[in-house]
Amino acid sequence: MNQRRTLIVANWKMHLNTSQASLLVHRLHERIRIHRNIEVVLAPSMLVLQPLSTQIDRRKFRLAAQNAYQKDEGAFTGEVSFTMLQDLVHYALIGHSERRIYFNESLEEIRDKVAAAIRNDITPILCIGETQHEHKAGETKQVLHDQIVTALSNLTAAQVKEVVIAYEPVWAISTFGGTLAKPTEVQHILDFIRHQVSQLYGATAAEAVRVLYGGSVDDQIVRGYLELEGCDGALVGGASLNYQKFAGIIDAAHRLQTETGDDA
Ligand code: 13P
């Protein structure tokens with residue numbers, strides 16, 4: 001039986017101010033139940049993390065940062081470090097395609113952020129994915145390989161076990177075009193990702209790593225991805241801003257676990 005806990009992550013991106021975020025959490029809290037085998041993680045803007053940390057029911061929600069800076073402290077105007085987030089979040093998104101594309105985050109910078117997160121006891125959710133151009137050119141595996149190898153290169157096999165990898169093909173993200181990726185196609189890539197981790201860090205690490213899918217996921221289609229072999233959850237953008245849709249995604253994950261006996 002799968003020992004990896006299902007992870008459903010809401011990436012609110014640069015949406016929702018403090019009161020809007022608070023209202024959404026309130027609605028979600030009323031709508032969703034506590035699920036032992038599903039972790040629900042909210043990634044609000046940096047500004048909203050602190051107020052939400054006092055509002056959330058910790059049996060239902062955990063928090064994630066959408067980004068942070070790789071140095072722990074120093075003269076880096078405008079940045080927030082993983083060290084500063086340590087008491088506030090369990091997770092941090094790292095290397096989201098919007099950060100890679102709009103903020104030119106390099107493979108090495110992402111590697112340093114992954115190491116900084118681990119050093120500060122924050123679980124990295126390493127986001128990887130190929131652009132439409134790379135996809136069409138048949139470069140997907142090479143791109144993902146490079147992203148994985150570099151990002152994990154400063155970690156030990158024991159540290160890699162803690163990492164979450166989120167596969168988000170850029171062309172499937174709603175704001176980049178939102179072409180739905182076929183589950184069969186995603187299955188192929190999830191297998192490839194776990195195989196890469198196995199080659200680099202061994203079978204035990206590969207078995208422990210959680211791998212998520214993201215890209216236009218909503219309550220209607222999430223099941224098709226969650227039931228893929230080795231898919232441990234979803235990273236959700238647009239649909240996570242709507243409490244009915246996001247709660248529907250959690251319901252779908254729970255239903256699937258109940259059917260497969262994984263909620264025992
Ligand atoms: P959408 O769910 O809006 O496609 O966004 C996916 C994403 O980028 C989550 O990190």
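The values are calculated or read from the model by the stated rules, or taken from the named source; none is laboratory data. Quick caveat: nothing in here was measured; it's all calculated off a predicted structure. Cβ atoms come from the backbone with ideal geometry, glycine included; neighbour counts cover every protein chain shown. Side chains included, ligands, DNA and RNA excluded: accessible areas come from the protein's heavy atoms. Shrake-Rupley method; radii C 1.70, N 1.55, O 1.52, S 1.80 Å.
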Report for the chain the percent antiparallel among DSSP-assigned beta bridges with both residues inside it, nearest 5.
0 percent
HN-Hα J couplings of segment 35-43 from phi, Karplus 6.51/-1.76/1.60, θ = phi - 60°, integer Hz, Gly and Pro as x?
10, 4, 9, 10, 9, 10, 10, 10, 10
Length gained when the stretch H188-R58 is fully extended (0.36 nm per residue, less Cα-Cα span)
43.3 nm
Could you grab the relative contact order for segment 61-179? Cα pairs under 8 Å, six or more apart, rounded to a whole percent.
24 percent
For R119 and T175, what is the calculated FRET efficiency with R₀ set at 35 Å and r taken between the beta-carbons, to the nearest 0.05?
0.65
Determine the equivalent ellipsoid of segment 27-123 by diagonalising the alpha-carbon gyration tensor, then write out the semi-axes as square roots of 5 times the eigenvalues, largest first, rounded to whole Å.
26, 14, 13
Scanning the chain for trypsin sites (Lys or Arg not before Pro) in DSSP loops with at most 11 other Cβ atoms within 10 Å, what's the longest stretch left with none?
60-264
Probe 1.4 Å, heavy atoms of protein chains only: per residue, the accessible area of segment 166-264 in Å² is 41 Å²
With eigenvalues of the C-alpha gyration tensor scaled by 5 and rooted, segment 156-264, Å:
24, 17, 12
Taking the convex hull of the Cα atoms, report for segment 109-215 its projected area averaged over all directions, in nm².
6.5 nm²
Report, by chain and number, residues whose modeled amide H sits under 5 Å from the one on A166, excluding near sequence neighbours (fewer than 5 apart, same chain).
L126, C127, I128, L212
Computed FRET value (nearest 0.05) for S198 with N17, which takes r as the C-beta separation and R₀ as 51 Å:
0.75
Write out the chymotrypsin sites (Phe, Trp or Tyr not before Pro) in segment 1-93 meeting two conditions: DSSP loop, and at most 16 other Cβ atoms within 10 Å of their Cβ.
F76
Hey, can you find the accessible area per residue of segment 27-98 for me, probe 1.4 Å, expressed in square angstrom?
51 Å²
Taking H placed 1.01 Å from N in the peptide plane, check which residues at least 5 places from V80 or on another chain put their amide H under 5 Å from its amide H.
Y69
The FRET efficiency for F76 and E227, from their Cβ-Cβ distance with R0 = 35 Å and rounded to 0.05, is 0.20
³J(HN,Hα) computed for each position of segment 61-77 - Karplus, 6.51 cos²θ - 1.76 cosθ + 1.60, integer Hz, glycine/proline x
10, 10, 10, 9, 8, 8, 5, 6, 9, 6, 7, 6, 6, x, 7, 10, 3
What is the Cα centroid distance between segment 162-217 and segment 36-53, reported in whole angstrom?
22 Å
Please list the radius of gyration and Dmax for segment 115-176, considering alpha-carbon atoms only, with Å as the unit.
13.2, 38
Computed for the chain: size of charge dipole around the Cα centre, +1 on C-beta of each Lys and Arg, -1 on C-beta of each Asp and Glu, debye to nearest 20, value 560 debye
Range of Cα positions in the chain per principal axis (Å), largest first:
50, 44, 36
Can you list the GluC sites (Glu not before Pro) in segment 35-84 that are in a DSSP coil and have 14 or fewer other beta carbons within 10 angstrom?
E73, E79
Could you tell me the extents of segment 145-204's C-alpha atoms along the three principal axes, largest first, rounded to whole Å?
37, 21, 18
